[in-house]
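Some notes on the structure that comes next.
The values are calculated or read from the model by the stated rules, or taken from the named source; none is laboratory data. Computed from a predicted structure; not experimentally measured. Because the Cβ atoms are built from the backbone with ideal geometry, glycine has one as well, and the counts that use them run over all protein chains shown.
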């Protein structure tokens, strides 16, 4: 009789989420090599987007939930693209877009905590938001480090450079839109 975790079955989702929450580097190595992990990573990102929507429900309503879901996917893809490009070209890591997508997707798991923040107000709401985002940043650093097959300092450098590239692209886009609207 085959075991439930046989080598031919896909890795189970919930144990992977637990490992992401523990910042387990071996999970990100596993995801890097598992081209079938995209669906699971997408699920993590969508739940994180939903949790973000619940977190802001009082201020943003149902439209905020939908916007958070869409925003989560857009940010996930954009971050993976920029971090992959910066990490390979400037930090000399080794990865591809798919590997970065899968690892960053699971690094969003700590953002699920935001749903609990939607149930409280005041300082507790803010504390949960800060904790969830700090945890997600830490998970993202581990994910990028493992995806790029590099060290923690280079992973942080990749983030710094990627933020600069992203900000530059946003400024360029803003100038382009302003020139089109002003014309």
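A few comments on the model shown:
- Verdict on residue 16 being crowded, with 24+ Cβ neighbours inside 10 Å, assigned to a helix (DSSP H, G or I) and modelled with pLDDT of 95 or more: no
- Here residue 142 does not qualify as farther than 19 Å from residue 77 by Cβ and at pLDDT below 95.
- When residues of the stretch 118-136 are limited to those that are exposed (fewer than 12 other Cβ atoms within 10 Å of the Cβ) and in contact with a helix residue (DSSP H, G or I) (Cβ under 9 Å, 6 or more places away or on another chain), the one nearest to residue 97 (Cα to Cα): 134
- Residue in the stretch 28-51 that is more than 19 Å from residue 139 (Cβ to Cβ) and in contact (Cβ under 8 Å) with a residue 40 or more places away in the chain present: yes
- Every residue from the stretch 38-61 that is at pLDDT below 95 and either within 18 Å of residue 144 (Cα to Cα) or in a loop (DSSP other than H, G, I, E, B) (or both): 56
- Options 131, 167, 116: the member that is in a helix (DSSP H, G or I) and at pLDDT below 90: 167
- Failed condition for residue 150, given (1) closer than 20 Å to residue 40 by Cα; (2) not in a helix (DSSP H, G or I): (1)
- Residue match in the stretch 78-89 (condition: under 10 Å from the mean Cα position of the chain (by Cα), crowded, with 18+ Cβ neighbours inside 10 Å and part of a helix (DSSP H, G or I)): yes
- Verdict on residue 32 being surrounded by 20 or more Cβ atoms within 10 Å (Cβ to Cβ), in a helix (DSSP H, G or I) and over 11 Å from the mean Cα position of the chain (by Cα): yes
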